[in-house]
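Here, each number is a calculation from the coordinates, and none is a lab measurement. Remember, it's a predicted structure, so these values are computed and weren't measured experimentally. Virtual Cβ from ideal backbone geometry, glycine too; neighbours counted across all protein chains shown.
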Amino acid sequence: CLVLVQQSSTIFNHHNKSVFTADLDEDSCLSRYQSSLYRKTSPYKPSQHLISKLRRYEKLHKRCGPGTEAYKSATEKLGHNHVSNSGDECRYVLCVSPLSGLGLGNRMISMVSMFLYALLTERIMLVDQRSDTSDLFCEPFPGTSWFLPLDSPLMDQLNSFNREYSRCYGTMLKNHCINSTTVPSHLYLYLFHDYGDHDQMFFCEYKQMIIGKVPWLVAKSNQYFVPSLWLIPSFQTKLIKLFPQKDTVFHHLSRYLLHPTNQVWGMVTRSYTAYLSRADERLGIQVRVFEEVTSPPPIKHVMDQIVACTQREKLLPEVDTQGSHEQVTTTEKTSKLKAVLVTSLTSGYSESLKSMYWEHPTSTGEVVVVHQPSQEAYQQSDKKLHNKKTLAEMILLSMADEVVISASSTFGYVAQGMGGLKSWILYEPVNHTVPDPPCGRAISMEPCFHVPPVYGCNGKTGTNTGNMVPFVRHCEDRFLGIKLV
Ligand code: GDP
C-alpha cells in the first residue's frame with residue numbers, strides 16, 4: 001500500500017502536477033491520485049492556459065461557493081424577480097439531473113459541457129445533491145463544495161422547472177418576455193435533445209450577452225453541447241487558447257472533474273487487478289443494443305458484427321475452426337496474453353467470445369481471456385449500486401489499449417474520451433444485418449453532440465452547423481450530430 005501511495009505521488013508529480021491543485025485531501029478521493037498508475041500516460045497535455053484557468057476557477061468557487069457571504073447575497077437575489085447588475089457579483093450555473101431515467105453517460109457528458117460553459121462565462125457550477133452524484137463522484141474543487149445547499153430557495157422548485165415554467169429561457173423568448181434592460185434573477189435553460197427553436201437560441205452570441213448578466217442559471221441537459229459553444233465567436237477565441245488541441249476538451253475536463261469515489265474506485269481496481277493487469281494487451285468492447293429485439297441475446301447479427309470488426313481490424317486474432325493450428329501449443333511464457341473487457345447489459349456476447357477462444361486455437365498462438373464485470377439486464381438508473389457499476393465499467397473500458405464502442409452510445413463516448421482513445425465504432429445495423437464495413441475508426445475521441453441547434457441565430461431553421469468550421473464535423477455514427485475533431 002505504501003509503495004502504491006509513494007508511486008502515485010511520484011506519477012502525480014510528473015504527470016498531473018498542475019492539473020490538480022495541491023490542497024486536496026488524497027485519502028478522500030484515491031482515484032484522483034491513483035488513476036495514472038492504471039492508465040498509460042496520456043499523450044495529450046493540458047495547455048498552460050487551461051491549467052491557470054482551472055486554478056482561477058477554483059479560487060472563484062471558493063469565494064462564491066456555498067456558505068460564503070457572496071453566496072448568501074446571491075441567494076437573496078432569488079427573492080426578487082429582477083436584479084440590477086453591478087457586474088462584480090458571483091454568478092452560478094446549477095446543473096440539474098432529472099431524478100429518474102437519465103443514463104449515466106448522458107449525465108456525465110452534460111456535466112462536462114456545463115462545466116466548460118461555467119469556465120467560459122466566469123460562473124461557478126453547482127450540482128443538485130438529490131441524485132446520487134455524491135455516491136459516484138468526489139468533490140472536485142478544494143476547500144468548498146459543488147452541491148447546492150438543501151436550504152436554497154431553488155431547491156423546492158427544481159422539479160417544477162420544465163418548458164412551461166415562466167422562467168424557461170426559450171419560452172420567454174417565444175413570448176417576447178425577455179429584453180436587454182431588465183435582468184431576471186434566474187433563468188431556466190432547457191437543453192435536452194427535444195429542445196425547441198427558441199431554446200436553441202442559447203447558442204447565439206448576442207443572446208449570450210443577456211444570459212451572461214443573469215445571476216442564477218438552472219440548466220437541464222442530456223447532451224454534449226460543447227461543439228456548439230465553439231461556434232459562438234467570443235467563446236471560440238477563449239477556447240482556442242484553452243484547448244490548442246481542439247479534440248481534447250472532454251479528455252481533459254472529464255479527467256479533471258469526474259473522479260470516482262473510493263467505493264467505485266475499489267470496484268475498478270479490483271476488477272483491473274484480477275482480470276486485466278497481467279495481460280500484454282487490453283481490448284475493451286462496449287455492446288449497447290438499441291434496436292428492438294425479439295430473441296434473447298446474443299443477437300446473431302450483433303455477435304457477427306463484433307467478430308467481423310475485431311478480426312478485420314486485427315484487434316483480436318482469428319480462430320482456427322478446422323483444427324489445423326492445433327499443433328501451435330504455446331507455453332505460458334511465450335504466448336501473448338490478450339485480455340478482452342466486455343461491457344453489456346447481458347452476458348451473451350462475452351460468453352460467445354469466451355467459448356470461441358476456448359473451443360478453438362488462435363491462428364497467432366495468442367491466448368485470449370474474456371471478462372465481463374456485470375450483467376445488469378436492463379437500465380436501472382435510479383439505483384445507486386447499478387450506477388456505481390456503470391461508472392466502474394466506463395472507467396475500466398477507458399483503461400484499455402483500444403476500445404470498440406457501439407454507435408450513438410454516450411456510455412461508450414465517456415470511455416473513449418476519458419481514455420484518450422480513438423475508438424472503433426460498431427455502426428448501427430440496418431435491417432438486422434451486419435453493416436459493411438462493420439465498424440470504423442472514430443475521427444476524434446470527442447463525444448458527439450447528437451442534436452445540435454438547427455435554428456440559426458438569424459432566426460432561420462435548417463442551419464447545418466457541421467460545415468461551418470473545419471474543426472466541427474458531422475459525427476461518424478450520427479449524421480445530424482456534430483463533434484470536435
Ligand atoms: P447510452 O444510453 O448508451 O447513451 O448511455 P447512458 O449511460 O446514458 O445510458 C445507458 C444506461 O444503461 C447506463 O447508464 C447504465 O445504467 C445502463 N447500461 C447500459 N449498458 C451497460 C453496461 O454495459 N453495463 C452497465 N453496468 N450498465 C449499462
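The label-point distance for Met209 and Thr121, in a model that sets each label 7 Å from Cα toward Cβ, rounds to 1.6 nm.
Dimensions of segment 203-269 from C-alpha coordinates, computed as largest minus smallest value along each principal axis and given longest first, are 47, 30, 18 Å.
Extending 7 Å from the Cα toward the beta-carbon at both Lys314 and Asp436 defines two label points whose distance is 2.3 nm. Angle of helix 348-359 to the longest C-alpha principal axis of the chain, folded into 0 to 90 degrees and rounded to 10: 30°.
Phi angles across segment 78-84 convert, under the Karplus curve 6.51 cos²θ - 1.76 cosθ + 1.60 with θ = phi - 60°, into 3J(HN,Hα) values of 5, x, 10, 6, 10, 10, 8 Hz, Gly and Pro given as x. Residues of the chain were split at every exposed loop site, defined as chymotrypsin sites (Phe, Trp or Tyr not before Pro) in a DSSP loop with at most 10 other C-beta atoms within 10 angstrom, and the longest piece left, sites excluded, is 1-377. Cross-link pairs exceeding 24 Å between alpha carbons, from the set Lys59/Lys422; Lys77/Lys460; Lys77/Lys207; Lys77/Lys238; Lys241/Lys460: Lys59/Lys422; Lys77/Lys460; Lys77/Lys238; Lys241/Lys460. Taking the fewest neighbouring Cβ atoms within 10 Å as the starting point, the ordered list for Ser335, Ser160, Ser352 is Ser160, Ser335, Ser352. Taking θ as phi - 60° and the Karplus parameters 6.51, -1.76 and 1.60, the scalar couplings of segment 107-113 work out to 4, 5, 5, 6, 5, 5, 4 Hz in sequence order, x denoting glycine and proline.
Take the Cβ atoms of Asp27 and Gln322, set R0 to 60 Å, and the FRET efficiency comes out at 0.60. Here, the chain yields an orientationally averaged convex hull projection of 23.9 nm² when only Cα atoms define the hull.
Treating r as the C-beta distance of Val469 and Thr68 and R0 as 35 Å, the FRET efficiency rounds to 0.35. Across segment 103-147, Cα-Cα pairs farther apart than 12 Å form 67% of the total. In the chain, Cα pairs under 8 Å separated by at least six residues give a relative contact order of 17 percent. Angle of helix 410-419 to the longest C-alpha principal axis of the chain, folded into 0 to 90 degrees and rounded to 10: 80°.
With the Cα gyration tensor of segment 39-257 in hand, convert its eigenvalues to equivalent ellipsoid semi-axes via √(5λ) and list them largest first in whole Å.
Details: eigenvalues 131, 80, 69 Å².
They are 26, 20, 19 Å, listed from largest to smallest.
Close amide-amide hydrogen proximity is noted between Gly284 and Leu341, Asp401, Glu402, Val403, Val404, each under 5 Å apart and 5 or more residues distant or on a separate chain (H modeled in the peptide plane; Pro and chain starts excluded).
Coupling constants for segment 471-485 follow from the phi torsions by the Karplus curve (6.51 cos²θ - 1.76 cosθ + 1.60, θ = phi - 60°), and in residue order they are 9, 10, 10, 5, 6, 5, 9, 9, 4, 7, x, 10, 8, 7, 10 Hz; glycine and proline get x.
Only helical runs count toward this figure. For the chain, summing -39,500 (n - 2.57) over DSSP H runs of n ≥ 4 and dividing by all residues gives -10500 deg cm²/dmol at 222 nm. Stretch Cys177-Lys45 to full length: gain in nm at 0.36 nm per residue minus the Cα-Cα span? Length gained, Cys177 through Lys45: 43.0 nm.
Compared with the dominant principal axis of the Cα atoms in the chain, helix 233-242 is inclined by about 50°. DSSP loop trypsin sites (Lys or Arg not before Pro) in segment 114-201 with at most 14 other Cβ atoms within 10 Å of their Cβ, which ones? Loop-located and lightly packed - none at all. Net charge in the neighbourhood of Gly65 (other residues with Cβ under 13 Å of its Cβ; Lys, Arg +1, Asp, Glu -1) is +3.
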